[in-house]
1. When both residues are 6+ apart or on different chains and their Cβ atoms are under 6 Å apart, which pairs have a first residue that lies in the stretch 208-221 and is of a type in the set (S, T, N, Q), and a second that is part of a strand (DSSP E or B) and crowded, with 20+ Cβ neighbours inside 10 Å?
2. Go through the stretch 172-187 and count every residue that is within 22 Å of F117 (Cα to Cα) and either free of Cβ contacts under 8 Å to residues at least 12 places away in the same chain or among the β-branched types (V, I, T) (or both).
3. Taking only the stretch 189-198 into account, find how many residues are open to solvent by 30 Å² or more (accessible area, probe 1.4 Å), at negative phi and either of a type in the set (G, A, S) or touching a residue at least 24 places away in the same chain (Cβ under 8 Å) (or both).
4. Quick one: S83 ticks every box in (1) closer than 21 Å to D241 by Cβ; (2) surrounded by fewer than 16 Cβ atoms within 10 Å (Cβ to Cβ); (3) small (G, A, S) bar one, so which box is it?
5. Which residue pairs have Cβ atoms under 9 Å apart, sit 6 or more places apart or on different chains, and have a first residue in the stretch 408-434 that is open to solvent by 10 Å² or more (accessible area, probe 1.4 Å) and a second that is basic (K, R)?
6. Which residues, counting only those in the stretch 28-72, are part of a strand (DSSP E or B), of a type in the set (D, E, K, R) and touching a residue at least 40 places away in the same chain (Cβ under 8 Å)?
7. Identify all residues within the stretch 138-166 that are under 25 Å from the mean Cα position of the chain (by Cα), open to solvent by less than 60 Å² (accessible area, probe 1.4 Å) and of a type outside the set (G, A, S); write none if there are none.
8. Anything in the stretch 208-231 that is in contact with a helix residue (DSSP H, G or I) (Cβ under 6 Å, 6 or more places away or on another chain) and either farther than 18 Å from S124 by Cα or open to solvent by less than 50 Å² (accessible area, probe 1.4 Å) (or both)? List them, or say none.
Amino acid sequence: MENIERLLNWLDLSTCNFMAVDTIKKELNKAGFHELKQENKWELIPGEGYYVIKNGSAIFAFVVGSESPADEGFRIISAHSDSPCFKIKPNAEIIGDGGVVSLNVEKYGGGILYTWFDRPLSMSGRVLIEGYDPLHPRVFLVDLKRPVATIPHLAIHFNRGVNDGNKLSVQKDMKPVIGYFSRQDIEETMRHGGFVKCIVARELGIEPEMILDYELNLYPCEKAGLVGLHQQYFQSARIDDLSMAFAGLEAMLKAKAAGKAPRATNILAIFDNEETGSGTKQGAASPVLRDIMERISLLRSDGDRETIYRAIARSFMISADDAHAWHPNYNEKYDPTNHPVIGGGPVVKINANCKYMTDGDGAAAFRTLCDLAGVNCQYFVNHSDVAGGSTLGNISSSQFDMRGVDMGNAIWAMHSARETAGVSDHIDTVKVFTQFYS
């Protein structure tokens with residue numbers, strides 16, 4: 001159970017995309033990886049581990065192979081750091097009767113809104129102040145790690161039909177309340193930039209007037225934990241997709257600890273903004289991963305520009321994003337013969353309309369990896385009357401024509417404030433990823 005305890009701890013630390021990347025960075029540093037900056041010159045040593053951070057919210061770690069990528073290619077596991085949540089808007093304070101202060105928030109991604117009601121919520125993200133020049137502000141990460149807000153539900157007495165279906169407005173229904181204050185407290189706080197700036201400034205030990213901007217989100221305070229008669233399940237916020245990111249991290253750390261340089265260059269690519277379409281500089285639709293691959297290829301081949309094309313042709317990507325588990329209460333929602341269950345092993349995701357990058361070649365390769373790792377493999381295909389979503393694999397295909405597969409672990413309540421997944425599935429996925437990196 002060591003793997004799962006480490007995962008639960010990582011999930012608790014990774015309360016937003018910025019904190020997730022910071023958690024991964026710290027683990028890589030402990031394992032002897034070296035940070036590279038895109039704006040600096042690189043020097044790479046076979047067998048050594050490196051990482052690149054983009055925007056503080058995406059991270060790309062790699063171990064340099066003993067052979068040139070032109071000959072052995074890249075072995076890539078991709079996942080994403082973001083999850084549905086509520087982002088705090090600028091000038092967020094809304095003052096109500098009795099001095100009640102609520103926050104103006106915006107929905108990020110496609111969350112299940114009603115799962116956020118009546119929970120203890122905290123705040124995390126990044127704060128930016130003046131730097132050494134106007135184009136380079138200083139960045140502070142902040143995580144309050146305590147409940148400072150809640151989104152109270154309307155009592156059933158005022159909406160007797162709430163259990164018959166309740167359409168929610170983010171602007172009206174989902175405003176988190178942070179407390180009630182005297183008129184004097186409100187006036188004084190607003191003079192210093194408002195409650196949000198004052199709260200995070202106090203946490204960071206700076207003056208609220210120093211804050212130029214912030215990117216902050218609310219998150220549920222409940223800790224990740226085990227559940228089920230025999231503790232077969234684990235529950236947490238942000239399982240989609242941090243469980244896959246941390247499975248990839250676990251595998252990369254295990255492979256690096258083996259002490260032998262892999263023949264192929266192994267990459268762990270943790271993108272941001274998958275939940276909103278990946279169309280950012282740190283998202284899978286950007287050239288950030290291809291640029292890193294090209295730099296590695298050029299440095300490992302004395303500047304031969306043809307290397308990247310040969311490398312891509314020899315590479316394989318596992319696009320790791322969680323899958324929908326069969327739900328015992330809603331059998332009619334699932335394909336009759338391809339509905340994965342929690343505890344049944346990693347899931348290959350297939351879509352005839354190419355919403356995933358999986359094809360027969362990629363599925364067969366992943367199935368072989370599962371067999372070598374001694375792990376069961378399942379398939380997910382949508383019910384034929386239900387349209388499916390897309391994920392990192394096919395979006396990344398806009399940047400390079402690489403072989404690959406879309407997969408994940410089967411979970412319940414995807415995009416809820418608290419999701420459920422299988423302990424054995426996580427352990428099995430780490431085994432498969434470790435096999436892939438070996």
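The values are calculated or read from the model by the stated rules, or taken from the named source; none is laboratory data. Predicted model, so just to flag it, every value in this text is computed and none were measured. Backbone-built Cβ (ideal geometry, glycine too); neighbour counts: all protein chains shown. Each accessible area value is taken on the protein alone, full model and side chains, heavy atoms only, with ligands, DNA and RNA left out. Shrake-Rupley method; radii C 1.70, N 1.55, O 1.52, S 1.80 Å.
1. N217/C85; N217/G125
2. Number of matching residues: 3.
3. Of the residues in that region, 1 qualify.
4. The one condition S83 does not meet is (2).
5. Here the result reads R418/R119; T434/K254, each pair linking the stretch 408-434 to a residue that is basic (K, R).
6. Result: K54, single match.
7. Correct list: F140, V142, D143, L144, V148, T150, I151.
8. Selection gives P208, I211, A224.
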